[in-house]
Amino acid sequence: MIDATIKESLAKSISYEAYRDLMYTLAETNATTGENQSEALINYTKLNARRMKRWDKTLKVSEADKARILEFDQRITWLVITESWCGDAAHVIPVLHKVAALNPNINLRLVERDQNLDLIDMFLTNGGRAIAKLIMIDDTTGEVLNTFGPRPSEATALVNAYKEAHGALTPEFKEDLQVWYNKNKGQNIIADLTAMLCALQPQVCS
């Protein structure tokens, strides 16, 4: 049986297309999601709208990965917690959409973190409300099967190593991380998502 908090958030969730339109509208009207309408967060939203638009146009999924994704035949929902100002989300979410769009069994839905604090507090990362966070839900049972995020595995390793060495992420490191996303072209995210699907149905990767 589906958790009441998850069920409530799903009822408020929107499609990728609606989220993308929201991003563009926010960027055009000098606004951002959430109550904090600071200039910094508004500028991040504008930047992220451009990032999403670029990824929608340029992201490629290999034929091998497409074949694996299409093999998955369990009906699931990917409920993603995000905010328009989040840089990681702007890189990750277009990839989630590209993968989900390949298989009608995968339903991608999105909600804002700060409007769903009870939800994000169920899926903290090292005690923090880090986003983007994907919750994989079985459509039949309502069971949470797995989670992904806030970053793909390689980016997570880079962040953890830097924090261990320096204590906190610097603006310079965050710029380097954006360069990594651009060079990787979403491939690590695709690999992580495919591995999650394979864990549920090993025949997908056979």
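The values are calculated or read from the model by the stated rules, or taken from the named source; none is laboratory data. Computed from a predicted model, the values in this text were never measured in an experiment. Note that each Cβ is placed from the backbone with ideal geometry, even for glycine, and that neighbours are counted across all protein chains shown. Note: areas computed on protein heavy atoms with side chains; ligands, DNA, RNA excluded. Shrake-Rupley method; radii C 1.70, N 1.55, O 1.52, S 1.80 Å.
Among (1) open to solvent by 60 Å² or more (accessible area, probe 1.4 Å); (2) out of contact with any strand residue (DSSP E or B) (no Cβ under 9 Å at 6 or more places or on another chain); (3) touching a residue at least 60 places away in the same chain (Cβ under 8 Å), where does Asp139 come up short? Result: Asp139 fails condition (2) only.
Mind listing just one residue for me: the one in the range 69-99 that is among the polar types (S, T, N, Q) and more than 22 Å from Val179 (Cα to Cα) and, of those, least open to solvent (accessible area, probe 1.4 Å)? Among them, the one singled out is Thr77. Would you be able to say whether some residue in the range 55-68 is within 21 Å of Gln115 (Cα to Cα), open to solvent by less than 80 Å² (accessible area, probe 1.4 Å) and either among the basic types (Lys, Arg) or in a loop (DSSP other than H, G, I, E, B) (or both)? No, because not a single residue in the range 55-68 is within 21 Å of Gln115 (Cα to Cα), open to solvent by less than 80 Å² (accessible area, probe 1.4 Å) and either among the basic types (Lys, Arg) or in a loop (DSSP other than H, G, I, E, B) (or both).
Taking the range 100-121 as the region of interest, how many residues are in contact (Cβ under 8 Å) with a residue 24 or more places away in the chain, more than 22 Å from Leu197 (Cα to Cα), open to solvent by 40 Å² or more (accessible area, probe 1.4 Å) and not charged (D, E, K, R)? Here the count works out to 1.
Thr33 fulfils the conditions (1) in contact (Cβ under 8 Å) with a residue 60 or more places away in the chain; (2) within 30 Å of Leu197 (Cα to Cα) except for a single criterion, (2). Consider the range 154-175 and keep the residues that are charged (D, E, K, R) and free of Cβ contacts under 8 Å to residues at least 12 places away in the same chain. The one that is least open to solvent (accessible area, probe 1.4 Å) is Lys163.
Any residue in the range 3-10 that is farther than 14 Å from Glu83 by Cα, open to solvent by less than 70 Å² (accessible area, probe 1.4 Å), out of contact with any strand residue (DSSP E or B) (no Cβ under 7 Å at 6 or more places or on another chain) and part of a loop (DSSP other than H, G, I, E, B)? Taking every residue of the range 3-10 in turn, at least one turns out to be farther than 14 Å from Glu83 by Cα, open to solvent by less than 70 Å² (accessible area, probe 1.4 Å), out of contact with any strand residue (DSSP E or B) (no Cβ under 7 Å at 6 or more places or on another chain) and part of a loop (DSSP other than H, G, I, E, B).
Could you please give the count of residues in the range 83-112 that are part of a helix (DSSP H, G or I) and either within 12 Å of the chain's Cα centre (by Cα) or of a type in the set (Asp, Glu) (or both)? Counting residues in the range 83-112 that are part of a helix (DSSP H, G or I) and either within 12 Å of the chain's Cα centre (by Cα) or of a type in the set (Asp, Glu) (or both) gives 14.
When residues in the range 155-169 are screened for being small (Gly, Ala, Ser) and under 21 Å from Asn188 (Cα atoms), 3 of them pass. Selection of the range 177-206 for residues being at pLDDT below 95 and open to solvent by 80 Å² or more (accessible area, probe 1.4 Å) yields Pro202, Gln203, Ser206.
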